[in-house]
Amino acid sequence: MKFVPLKLQWLVSIVLLSLAGYLGYSIYNSIMGPIRFNIEKKVRYAKVIENLRMIRDAQDAHKTITGKYERSGEKLIKFLDTAQFAITNTHNEVKQVNKGTKWQPIMVEVEEKVTDTTGYESVKETMFKNRDYTKMLKVPGTNTEFKITVGYITKVAGLEVPVFIAKVDKAIILEGLDPHLIRQEKEAIGGDEVKGEFLSVGSLEEVNSNGNWPPFYDKKE
């Protein structure tokens, strides 16, 4: 300051104070930015996960009733409008079975399990009561829908098992937040974070209808 004319020292002081304030804000923001990002991320993820759960439950119901998964989200919603689970009763019955031949029959009593259908119950009422499944295809907070893919994998020779996945890019969910932190989020390797570039449920590589989010998202408030 001794090299600055006296009449300009006040101006230098203001500049230095402004610089100190800017540096202080930058340090504060570098600390609080990731914290605010994580808070907002979890809020957005929780809403998206709720819809992914509904898609999973709908696909599981579709597979239980039809033996396969549905690739069309709109058809899946229409399916839920009228779908019914069969209510079954399994009991043992003793039957006479011929262990001999047509000309020399040898009748033996054999106990077999028999399954009877005793009624039906609505999928909508049992699995989706108080859940608006008609909006489950939409990614909350965006104008995007989840991408649903179905397929088959071979478990053993000659046996193909249906699989599905529903997913959305994390960048779509986190749009409007810090781009640098979004790039870091898409590189997450798991643990307490959602692994990879997508938030998803199901898999095309294994028989698995779980979500890729950490368990604390499933805890009830």
*Using just the helices of the chain, give the 222 nm mean residue ellipticity in deg cm²/dmol: DSSP H runs with n ≥ 4 each add -39,500 (n - 2.57), and the total is spread over all residues, rounded to 500.*
-13000 deg cm²/dmol
_Selected from Asp169, Asp192, Asp60 as most flexible by GNM, with the chain as the system and alpha-carbon contacts under 10 Å_ = Asp192
*On average, how much accessible surface per residue is there in the chain, in Å², for a 1.4 Å probe, leaving out ligands, DNA and RNA?*
68
*Where Lys and Arg each count +1 and Asp and Glu each count -1, what net charge lies around Leu174 among other residues with Cβ under 14 Å from its Cβ?*
0
_Among Asn130, Asn92, Asn51: highest mean-square fluctuation, GNM of the chain, C-alpha pairs under 10 Å_ = Asn92
*asked:* Probe radius 1.4 Å, ligands and nucleic acids ignored: give me the carbon and sulfur share of the accessible area of the chain as a rounded percent.
replied: 54
*At 27 Å minimum axial length over the Cα atoms and a Kyte-Doolittle cut of 0.0, report the qualifying DSSP H helices in the chain, or say none.*
9-66
_So, taking all protein chains as they sit and a 1.4 Å probe, how much accessible area belongs to Lys75, in Å² rounded to tens?_
130
_As an exercise, use a Förster radius of 41 Å and the Cβ-Cβ distance of Ile14 and Glu193 to find the FRET efficiency, rounded to the nearest 0.05._
0.40
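The values are calculated or read from the model by the stated rules, or taken from the named source; none is laboratory data. Everything numeric in this text was worked out from a predicted model, so none of it was measured. Quick reminder, even Gly has a Cβ in these numbers, built from the backbone with ideal geometry, and neighbours come from all protein chains shown. Just so you know, the surface numbers come from the protein's heavy atoms only, side chains and all, with ligands and any DNA or RNA stripped out. Shrake-Rupley method; radii C 1.70, N 1.55, O 1.52, S 1.80 Å.
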